[in-house]
Amino acid sequence: MQVKIDTKEKFHAITIKESSLAANMTEDLDQCLLPILEKDVKNVVFILKDTQTVDEAAAEALVRIQQAFYDNSASFVICELTPAVEKSLEDNGLLEMMNVTPTESEAWDIIHLEEVERELLNGPDL
């Protein structure tokens, strides 16, 4: 699986350079994304602008990976979906389970807000 990773101060922007995400790529997704949870910067913006199809198994893997990030107090936001991918996710009932934004800038905003929320929820003991 070809990816481009751009590490920013608060998140990794990961662009998938594949026209299709198929079931046989779910292990690649795990190997690419889950190790990020061990790093200092754990948040991910997952950019799918070059992807035209995502099969149901790959989409379910993304939902599972997203949950793993939230379980580890990290954000995982998917952005720049093509209309075909968005429709496919909607038809499979998975879009509503994903944290999706139209642009990378909006994804960054979500990550920032979630970081503030985590800080407030896990604030100093009084």
Note to self: I'd like to know which of Ser88, Val44, Val63 lies farthest towards the positive end of the charge dipole of the range 3-121, counting +1 on Cβ of Lys and Arg and -1 on Cβ of Asp and Glu.
What the structure shows: Val44
Checklist line | the chain: mean projected area of Cα convex hull, nm² | finding: 7.5 nm²
Item checked: Student exercise, the range 3-121 dipole from Lys, Arg, Asp, Glu Cβ charges, in Debye to nearest 20 -> 260 debye
Note to self: A 18 angstrom limit on the alpha carbon distance is what I want to check against. Which of Lys8/Lys87; Lys42/Lys87; Lys10/Lys39; Lys17/Lys49 exceed it?
What the structure shows: Lys8/Lys87; Lys42/Lys87
Next item on the list: Express the relative contact order of the chain as a whole percentage, based on alpha carbon pairs under 8 Å and six or more residues apart in sequence.
Entry: 23 percent
Next item on the list: Determine which aspartates and glutamates satisfy two conditions relative to Lys4: a Cα distance under 17 Å, and not lying fewer than 8 residues away in the same chain.
Entry: Glu18, Asp28, Asp30, Asp50, Glu80, Glu104
Next item on the list: Taking the Cβ of each residue in Thr103, Thr51 as the centre, tally the other Cβ atoms inside 10 Å and list the residues starting with the fewest.
Entry: Thr103, Thr51
Item checked: Burial ordering of Val116, Val54, Val3, fewest other beta-carbon atoms within 10 Å first -> Val116, Val3, Val54
Note to self: With both bridge residues required to lie in the range 3-121, what share of the DSSP beta bridges run antiparallel, to the nearest 5%?
What the structure shows: 30 percent
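No lab work stands behind these numbers, since they all come straight from the coordinates. Just so we're clear, the structure is a prediction, and the values are computed from it rather than from any experiment. Note: ideal-geometry Cβ built from the backbone for every residue, glycine included; neighbour counts use all protein chains shown.
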